[in-house]
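I have placed the structure first, in the form of structure tokens, so that the comments after it can refer back to it.
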Amino acid sequence: MDMLPLQLREGYLFIESGGELWLLDTGAPFSFGTSRTLCIAGEQFSIGPGVASINAETISQSVKVPCAGLIGADILGRFDHIMDIGGGTLALSKDKLQHQGESIPLTYWMEIPVVKARIGDRVFQMFFDTGAHVSYLQDASLTSFPPAGRINDFYPSFGTFQTDTYEVPVSLGAVTFTLQCGTLPALLARTLLMMSDKKGIVGNAILHNRKVGYFPRRRMLIL
């Protein structure tokens with residue numbers, strides 16, 4: 001098992017490896033960075049530089065935190081994880097880790113984890129994205145919830161945008177959160193959600209104030 005420093009900065013999750021910060025992003029299929037290799041838990045991975053519009057420099061500018069790159073689902077999916085933002089640690093291992101709590105089944109779309117989220121009397125398929133500092137719901141019911149202000153956000157390959165947000169009670173299994181939810185721009189929603197038939201994004205707020213087990217190989221999220 002390896003134990004890495006875990007930081008929440010500007011609403012985004014970063015791990016520290018080799019003295020550099022890396023954005024932790026389950027919502028990104030592929031990893032990239034300024035280095036061509038990344039060593040985690042004793043395993044060395046080859047990674048690319050990204051592309052012109054999505055690389056370490058553009059990610060650093062968007063999140064307002066200098067970082068060496070992004071660690072996506074292609075690498076994260078190889079390990080068991082226990083994320084402890086309060087304790088500032090990410091435990092990860094090629095072996096099975098144990099964690100007690102509410103077990104949430106995961107499915108996948110292009111390696112990106114998907115959860116079933118209950119909102120009111122409806123159940124939505126939503127991406128679990130640690131790289132999202134707010135959540136998103138692409139449904140007309142969103143505006144029926146209490147407003148939570150207008151924010152700026154970004155999405156790699158799309159750029160920056162603004163959205164009005166609302167306070168939405170979201171249940172994952174027996175655990176209920178009040179998540180700040182916005183709506184994605186129409187073009188981004190069409191390319192990201194409609195192709196996958198998903199209805200939104202559950203962001204990293206569900207990781208705050210608790211230890212969470214993320215076991216992608218066993219298709220489980222433990223809250």
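The values are calculated or read from the model by the stated rules, or taken from the named source; none is laboratory data. Just so you know, these numbers come straight off a predicted model, no measurement behind them. Glycine gets a Cβ as well: all are built from the backbone with ideal geometry, and neighbour counts include every protein chain shown. Remember, those area values only see protein heavy atoms, side chains included, never the ligands or the DNA or RNA. Shrake-Rupley method; radii C 1.70, N 1.55, O 1.52, S 1.80 Å.
Ranking SER46, MET194, GLY18 by how far each Cα lies toward the positive end of the dipole of the chain (charges on Cβ) leaves MET194 at the top. Extending 7 Å from Cα along the Cβ direction at SER46 and again at ASP121 yields two label points whose distance is 5.5 nm.
Maximal additional length on extending the GLN162-SER141 stretch stands at 5.7 nm, based on 0.36 nm per residue less the C-alpha distance. Note on the chain: GNM, Cα springs under 10 Å; of VAL168, VAL63, VAL51, the largest mean-square fluctuation is that of VAL51. With springs only between Cα atoms under 10 Å, which of ASP164, ASP95, ASP121 fluctuates most in a Gaussian network model of the chain? Of the options given, ASP121 has the highest mean-square fluctuation.
Computed from the C-beta positions of ARG36 and ARG219 and an R0 of 35 Å, the FRET efficiency is 0.70 to the nearest 0.05.
In this Cβ point-charge picture (+1 for Lys and Arg, -1 for Asp and Glu), segment 89-223 has a dipole of about 460 debye about its Cα centre.
Across the protein chains, with a 1.4 Å probe defining accessible surface, the residues LEU187, LEU4 rank LEU187, LEU4 from largest area downward. Shown for the chain: lysine pairs separated by 8 or more places, or found on different chains, whose C-alpha atoms are under 30 Å apart, numbering 14. Amide H to amide H distances under 5 Å link LEU179 with VAL168, VAL170, where only residues 5 or more positions off or on other chains count and H is placed in the peptide plane. Springs join every pair of Cα atoms under 10 Å in this Gaussian network model of the chain, and among LEU92, LEU24, LEU142 the largest mean-square fluctuation is at LEU142. For volume of the Cα convex hull per residue in Å³, the value computed from the atomic coordinates appears in the list [x] 245; [y] 173; [z] 112 under label [z]. Shown in residue order for segment 22-28 are the 3J(HN,Hα) couplings computed by the Karplus curve 6.51 cos²θ - 1.76 cosθ + 1.60 at θ = phi - 60°: 10, 5, 9, 9, 5, x, 9 Hz (x for Gly and Pro). 3J(HN,Hα) couplings calculated from phi for segment 49-58 with the Karplus curve 6.51 cos²θ - 1.76 cosθ + 1.60 (θ = phi - 60°) are, in sequence order, x, x, 10, 4, 9, 9, 8, 4, 5, 5 Hz; Gly and Pro show x.
Compare the Cα positions of ASN209, ALA140, MET83 along the charge dipole of segment 71-223 (+1 at Cβ of Lys, Arg; -1 at Cβ of Asp, Glu; about the Cα centre) and return the one farthest towards the positive end. Of the options given, the answer is MET83. In this simple spin-label approximation, TYR108 and THR178 carry label points 7 Å from Cα along the Cα→Cβ vector, and these lie 3.6 nm apart.
Helical content of the chain, expressed as a calculated mean residue ellipticity at 222 nm, amounts to -1500 deg cm²/dmol (DSSP H runs of 4 or more residues, -39,500 (n - 2.57) each, divided by residue number, nearest 500). Using the 1.4 Å probe convention, the accessible area of segment 53-108 works out to 43 Å² per residue with neighbouring protein chains retained.
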